[in-house]
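Asks: So that we are looking at the same thing, I have put the structure below in structure tokens.
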Ligand SMILES: [Zn+2]
């Protein structure tokens, strides 16, 4: 990707490249002001709409709806960048719920809990591959057993989500 100077006319985002997609030129800063990456203007606006980012620097004379045209946006919440480059986000309960779409891994009902496939009491860890969203009933029924022992086969195979997959939820 060619480097686009922030002072060049191209950095206004009012042109498109040959593919018709906006050139990625809005710089995204972490909450601590560390630069992360560049995104398209459209993507930056989406971040503003979702209130995950705020305008940090803008074209003073150009407005885009309620926002000044952003040249630099800043994340509202700090992102540990290590996650982005070493195989995706760290495990978290909300992350498991988002990954599984809040569906129980055993019955497909609405999940309210996170189940450890190999129970914690037996050494099961908090990892993406060892946890699955579950409804309260299935979680209780399974208890301290594995799915095989409980004869409760998983509907899907747990996987480690990408950072982007979680971010869009
Ligand atoms: Zn269930």
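The values are calculated or read from the model by the stated rules, or taken from the named source; none is laboratory data. Computed from a prediction, not measured in an experiment: that's the story for all the values here. A quick note on method: Cβ atoms are made from the backbone with ideal geometry, for glycine too, and the neighbour counts reach across all protein chains shown.
Asks: Looking only at segment 125-137, how many residues end up being within 16 Å of the ligand (Cβ to nearest atom) and either over 30 Å from the mean Cα position of the chain (by Cα) or closer than 23 Å to residue 166 by Cβ (or both)?
Replies: In the first step, residues of segment 125-137 are kept if they are within 16 Å of the ligand (Cβ to nearest atom); the result is 131-137.
From what's left, either over 30 Å from the mean Cα position of the chain (by Cα) or closer than 23 Å to residue 166 by Cβ (or both): 131-135.
Looking only at that region, the number is 5.
Asks: Out of 155, 122, 141, report the one residue that is loosely packed, with under 14 Cβ neighbours inside 10 Å and within 13 Å of the ligand (Cβ to nearest atom).
Replies: Selected residue: 155, the only one of 155, 122, 141 that is loosely packed, with under 14 Cβ neighbours inside 10 Å and within 13 Å of the ligand (Cβ to nearest atom).
Asks: Condition first: touching a strand residue (DSSP E or B) at 6+ places or on another chain (Cβ under 7 Å), more than 9 Å from the ligand (Cβ to nearest atom) and part of a helix (DSSP H, G or I). Can you find one or more residues in segment 101-115 that meet it?
Replies: no
Asks: Of 94, 70, which residue is part of a helix (DSSP H, G or I) and either modelled with pLDDT of 90 or more or away from the ligand (no atom under 16 Å from the Cβ) (or both)?
Replies: 94
Asks: Further question: Could you look through segment 43-62, keep only residues that are in contact with a strand residue (DSSP E or B) (Cβ under 7 Å, 6 or more places away or on another chain) and farther than 13 Å from residue 28 by Cα, and pick out the one that is surrounded by the fewest Cβ atoms within 10 Å (Cβ to Cβ)?
Replies: Of everything passing the filter in segment 43-62, 60 is surrounded by the fewest Cβ atoms within 10 Å (Cβ to Cβ).
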